[in-house]
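K.L.:
Right, I'll just put the structure down here and ask away after.
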Amino acid sequence: MMERLKKTVVMVGMMGAGKTAVGTAVARSLGVAFRDSDEEIVKAANRTIAEIFERDGEPFFRARETEVLARLLRGKPCILSTGGGAFLSEANRGLIRQAGVSVWLRADLDLLWQRVRHKTTRPLLRTANPRETLRALYEARVPLYGLADIVVDSAADLSVDEMAAKVVAALAARPDVLEGE
């Protein structure tokens, strides 16, 4: 049974939710490309996200993010992982709603903290109290992530492949997104 992806699936959620790892596994299981909007921005700007934030500021980064999203959504259907802040923008949510489908990988704060606390690559967590910063971001963002088309819950005991299978099952319930052949 071959499945055909009809529109780009945009993975949204907090840093540490597994958007890249799970998105890669979903793409592999569906036989489609995996793209990462942050990686595409880094390629285009030839600088790391942290450098872009530092040198040009967050508004500049967000503008590039919207451009990259629009370009990728116009392309062949794929699995697209976005940065944690991408879905907060009304413009981005509109682009995604028109051309794709959003999947929120919902994870609780403790699980997210377990996953991100040792990473130095998170510019938004370079604060005196990163756990508190993460909590504040989480509380501000959850209502907006709640606007996603599909919600898939993470759990600490689920492997990446198990999470990917949950996402594929959720997509399969949407004939407008995933079509069986």
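Computed from the coordinates by the stated procedures, all read-outs in this text should not be read as laboratory data. Model, not experiment: these values are computed from the prediction. Backbone-built Cβ (ideal geometry, glycine too); neighbour counts: all protein chains shown.
K.L.:
In Å, what Kirkwood hydrodynamic radius results for the chain from the alpha-carbon pair distances?
P.N.:
Its Kirkwood hydrodynamic radius stands at 16.5 Å.
K.L.:
Same structure again: Can you put 76, 19 in order of Cβ neighbours within 10 angstrom, beginning with the fewest?
P.N.:
Details: 76 9, 19 27.
Going from least to most buried by this count: 76, 19.
K.L.:
Additional query: Counting DSSP beta bridges with both partners in the chain, what percentage is antiparallel, nearest 5?
P.N.:
15
K.L.:
Which listed residue (107, 160, 31) has the Cα farthest towards the positive end of the charge dipole for the chain, taking +1 on Lys and Arg C-beta and -1 on Asp and Glu C-beta about the Cα centre?
P.N.:
My answer, from the dipole projection, is 31.
K.L.:
Report the charge-dipole magnitude of the range 7-172 in Debye, nearest 20, computed about the Cα centre from +1 at each Lys and Arg Cβ and -1 at each Asp and Glu Cβ.
P.N.:
That gives the range 7-172 a dipole magnitude of about 300 debye.
K.L.:
Given only helices, namely DSSP H runs of n ≥ 4 each adding -39500 (n - 2.57), what is the per-residue ellipticity at 222 nm of the chain, to the nearest 500 deg cm²/dmol? Numbers along the way, then the final one.
P.N.:
Numbers: 8 runs with 93 residues, N = 181.
After summing the helix terms and dividing by residue count, I get -16000 deg cm²/dmol.
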